[in-house]
Amino acid sequence: MNYNKNHILFISTSYAEYDRRMQRIIGSLLKANFQVSWIARAKDFYIEMEGLHYIPLKTKAKSGFKFYAEFNIQAYKLALKSDAGILGAVDLDTLMAASWAVRKGRSLVFDAHEYFTEVPELQGRNFVKNYWARLGRKYIPKANIAYTVNQSLSDILGNLYKRRFEVIRNAPLAISIGDKLTSDGPKIISYIGVLNMGRGLHQIIDAMQTLEDEYQLQLIGDGDIKSYLEEKVSQLGMQNRVHFLGYVEPEKIPGLLVNSWCGINLLDSTSLNYYYSLANKFFDYMNANCPQICMDFPEYKLINRKYEVSLLVKNLDPKNIQTAIEKLKDRSTYIRLQENCKRAIKELSWEKEEEKLLAIYKSLDS
């Protein structure tokens, strides 16, 4: 088969309609006149992006070894039929399919969205963890190009797999939404992301108990512990102060942050994947001129040292979270962080990351 070097086929096990990183990457590549196909899962609806050939992949198994085996076999067969000259494997769980489908005239790109072998789901599961680690050692060094989401992971994965990892951060397009109220009206605290363990969600709810009624919490997303959190809120009688918005389309997120007083980005440090993270939401809050409460982890500390857009907490103790939130009540502190957000987003934006991304893919055609 004659492969089209301008055609990129991405493979990810994520739900396409909620994978904002991939949507952002694909949008930039389409704008640069690449032909793009994407094999992924669909949860609630099929994604529609002009110019994108989206291939929803359905499996009988929904988790575990059977799911990954079934997904990779199906994706491999689809990749073999494609004329794409570039195969993009998103994280270790799609690397088999993409690597198996590489032929002469094809390039392999590896995009590490996270520190896959250190995700919370693999803690204590040494056999499974070692399997993914061996898979990475076998195939990642063979990729033509590899990139990840921040410098910490670039250093770690580069040492682990003995190769260079470029950095493409999860920054959004720079869109200023103006100033926020610092005193009038309810103080809305926003969380964006999946509702899973290890993300400080029950701790922020505990902290809400000790804050005045003017503080409201909105949880934008869905996940495994949503029912648990709803029950907890009900038991505490806080239904009028904690609001579950469920999954929302990515393009609607900026609008939900317009009236947010602050954002929260809390994670359990026992997971190295969390510890070395640099989340989408960190940039979303910044882009909304929204000061945030964030973990004192390497990437957040590094950015905060230069721009000071957040208040950092050492751990998930609800008292620490409460104290940090109350510090934002100081008008001068709040305004300083807000002004810093405006300054930072000019440099930490998708426009800057897009330049690096396009250079990566254009280099494969040279």
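The values are calculated or read from the model by the stated rules, or taken from the named source; none is laboratory data. Not measured: the values here are computed from a predicted model. Counting neighbours? That spans all protein chains shown, and the Cβs are built from the backbone with ideal geometry, glycine included.
Points to keep in mind about this one:
- Of all residues in the range 206-232, none that is in the same structural domain as LYS62 (by TED's automatic domain parsing) and assigned to a loop (DSSP other than H, G, I, E, B) has its Cβ atom under 8 Å from the Cβ atom of a residue that is at pLDDT 95 or above and surrounded by 18 or more Cβ atoms within 10 Å (Cβ to Cβ), 6 or more apart or on another chain.
- Exactly one residue out of LEU211, LEU217, LEU229 is surrounded by 14 or more Cβ atoms within 10 Å (Cβ to Cβ), at pLDDT below 95 and among the hydrophobic types (A, V, I, L, M, F, W, C): that is LEU211.
- Within the range 80-100, being assigned to a helix (DSSP H, G or I), buried (at least 20 other Cβ atoms within 10 Å of the Cβ) and touching a Phe, Trp or Tyr at 6+ places or on another chain (Cβ under 7 Å) holds for LEU92, LEU95, ALA97, SER99.
- Subset tally (residues that are within 30 Å of ILE8 (Cα to Cα) and assigned to a loop (DSSP other than H, G, I, E, B)) for the range 321-366: 7
- Those residues of the range 334-366 which are of a type in the set (S, T, N, Q) and touching a residue at least 12 places away in the same chain (Cβ under 8 Å), in sequence order: GLN338, ASN340, SER349, SER363
- Selection within the range 269-283 - in contact with a helix residue (DSSP H, G or I) (Cβ under 6 Å, 6 or more places away or on another chain) and either under 27 Å from PHE45 (Cα atoms) or not in a helix (DSSP H, G or I) (or both): SER269, SER271, TYR276, LEU278, ASN280
- Residues that are of a type in the set (Val, Ile, Thr), modelled with pLDDT of 95 or more and either buried (at least 21 other Cβ atoms within 10 Å of the Cβ) or farther than 25 Å from GLU251 by Cα (or both) do occur in the range 61-79.
- The set of residues in the range 276-301 that are modelled with pLDDT of 95 or more, in contact with a strand residue (DSSP E or B) (Cβ under 9 Å, 6 or more places away or on another chain), more than 13 Å from ILE345 (Cα to Cα) and not hydrophobic (A, V, I, L, M, F, W, C) comprises GLN292, ASP296, TYR300, LYS301.
- Filtering the range 254-262 for residues that are farther than 21 Å from VAL309 by Cα and in a loop (DSSP other than H, G, I, E, B) leaves an empty set.
- Flag if ARG125 is among the basic types (Lys, Arg) and within 23 Å of ARG41 (Cβ to Cβ): yes
- Extreme residue, nearest to the chain's Cα centre (by Cα), among residues of the range 114-130 that are aliphatic (A, V, I, L, M) and assigned to a helix (DSSP H, G or I): LEU122
- Any hit, the range 101-112, residues being at pLDDT 95 or above, of a type in the set (Asp, Glu), within 24 Å of the chain's Cα centre (by Cα) and part of a loop (DSSP other than H, G, I, E, B): no
- Selection count where residues are over 23 Å from TYR147 (Cα atoms) and assigned to a helix (DSSP H, G or I), scope the range 50-70: 6
- Residues considered: PHE45, PHE34. Of these, the only one that is in the same structural domain as GLY85 (by TED's automatic domain parsing) and either modelled with pLDDT of 95 or more or surrounded by 18 or more Cβ atoms within 10 Å (Cβ to Cβ) (or both) is PHE34.
- Among the residues of the range 48-60, those identified as within 30 Å of SER363 (Cβ to Cβ) and either among the aliphatic types (A, V, I, L, M) or surrounded by 14 or more Cβ atoms within 10 Å (Cβ to Cβ) (or both) are MET49, LEU52, HIS53, TYR54, ILE55, LEU57.
- Cβ-Cβ distances below 6 Å connect the following pairs, each with a first residue in the range 26-41 that is of a type in the set (S, T, N, Q), a second residue that is at pLDDT 95 or above and not in a strand (DSSP E or B), and a separation of six or more residues or different chains: SER28/GLU354; SER28/LEU357.
- Residue within the range 120-133 that is buried (at least 17 other Cβ atoms within 10 Å of the Cβ) and aromatic (Phe, Trp, Tyr) present: yes
- Here ARG20 fulfils each of the conditions (1) free of Cβ contacts under 8 Å to residues at least 40 places away in the same chain; (2) within 24 Å of the chain's Cα centre (by Cα) apart from (1).
- Cβ separations smaller than 7 Å between residues 6+ apart or across chains give the following pairs from the range 304-321 residues that are at positive phi to residues that are surrounded by 14 or more Cβ atoms within 10 Å (Cβ to Cβ): GLU308/LEU337; GLU308/ASN340.
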